[in-house]
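Written below as structure tokens is the structure these notes are about.
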Amino acid sequence: MIDYLFDFHGYGPSIFNGAIITIQVGLLSLLLALLLGLLGASAKLSKNPVAQGVATLYTTIIRGVPDLVLMMLIYYGGQVMINNFTDWLYEAFEIDIFFNINQFVAGVFAIGFIFGAYMSETFRGAFLAVDRGQIEAGVAYGMTRWQIFRRISFPQMMRHALPGLGNNWLVMLKTTALVSVIGLADMVRLATEASKAVHQPFKFFIPVVLVYLALTTVSEWLIKYLERRYSAGVISGQH
């Protein structure tokens, strides 16, 4: 029984490398999603109707289309658009260049772009939850807009945003499994290939499950730590 569970027929190292790729995709996608989320929330809260319209269109489309469809569209459709653009450059200016979308880059961009829409709504709600009186007090003290953001808005916004951000991150982490459909050699794809080769799917997918559980457990611990840090000095139950 022990031999059955731990004999991966030589596929163990490749699946481990696939787990590293999964972590890299998740972390880089998170950074992109946070950036897009802040930009989207700022646009929605701005007084510029064009910025509001673009941000609203972005979040509406992303939240209304399945993640798998968007990933396939970004990967395959993006390559078609780039090919058409390079063809036009050659025909118009005789500039001969070629771009090939890397599966890793496509996966990070697709997941980050998708979850940026969810982060936008999370950040928007968190910014609205910040007491306007404290911002006005900062203005009265002569603080600049950057000082108000850094010392007042951002710390309090993060306290309200962290539960939603944490939930988005956990969902995003599981969504990284979708990169296997565009050919990226993450641990899901490698486990699938190994299970087909030796006809033992249980053996190879159980480690994948355990890796995802470990990642989500560590993530939940970090989220709780950040929630305690940003709630320092706040009375429990006070909003």
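Quick note: the coordinates plus some simple rules give every number you see, no bench work behind them. What you see is a predicted model; the values in this text were computed from it and never measured. Reconstructed Cβ throughout: ideal geometry from the backbone, glycine too, with neighbour counts over all protein chains shown.
Details
- Shape call, the stretch 20-119: gyration tensor on alpha carbons, a/c limit 1.5: oblate
- Helix 78-93 vs. the chain, principal-axis angle (Cα, 0 to 90°, nearest 10): 80
- Contour minus Cα-Cα distance for residue 31 and residue 17 (0.36 nm per residue): 2.9 nm
- The convex hull drawn around the Cα atoms of the chain, when projected onto a plane and averaged over every direction, covers 18.9 nm².
- Pairs spanning more than 32 Å between alpha-carbon atoms, out of 44/174; 196/224; 47/174: 196/224; 47/174.
- For the chain, averaging the sequence separation of C-alpha pairs within contact (under 8 Å, six or more residues apart) and dividing by the residue count gives a relative contact order of 28 percent.
- Ranked from largest, the principal axis spans of the Cα set of the stretch 92-193 equal 60, 45, 16 Å.
- One decimal place: the segment residue 214-residue 200 gains 2.8 nm when fully extended, by the rule 0.36 nm per residue minus the C-alpha distance.
- Size descriptor for the stretch 127-239, Kirkwood hydrodynamic radius: 17.5 Å (Cα pairs only, one decimal).
- Maximal additional length on extending the residue 76-residue 52 stretch stands at 5.7 nm, based on 0.36 nm per residue less the C-alpha distance.
- Sites residue 85 and residue 63 - FRET efficiency at Förster radius 41 Å, r taken between beta-carbons, to 0.05: 0.90
- The angle between the Cα long axis of helix 201-230 and the longest principal axis of the Cα atoms of the chain comes to about 10 degrees, rounded to the nearest 10.
- For the stretch 96-147, the calculated P(r), taken from all Cα-Cα distances in 5 Å bins from zero up to the bin holding the longest distance, is 4, 15, 13, 12, 11, 11, 9, 8, 7, 5, 3, 1 percent.
- On Cα atoms only, tilt of 49-64 relative to the major axis of the chain in degrees: 40
- Residue-averaged [θ]222 nm for the chain, counting only DSSP H segments that reach four residues, each worth -39500 (n - 2.57): -25000 deg cm²/dmol
- Length, then width, then depth: along the principal axes, the Cα atoms of the stretch 139-203 run 70, 20, 13 Å.
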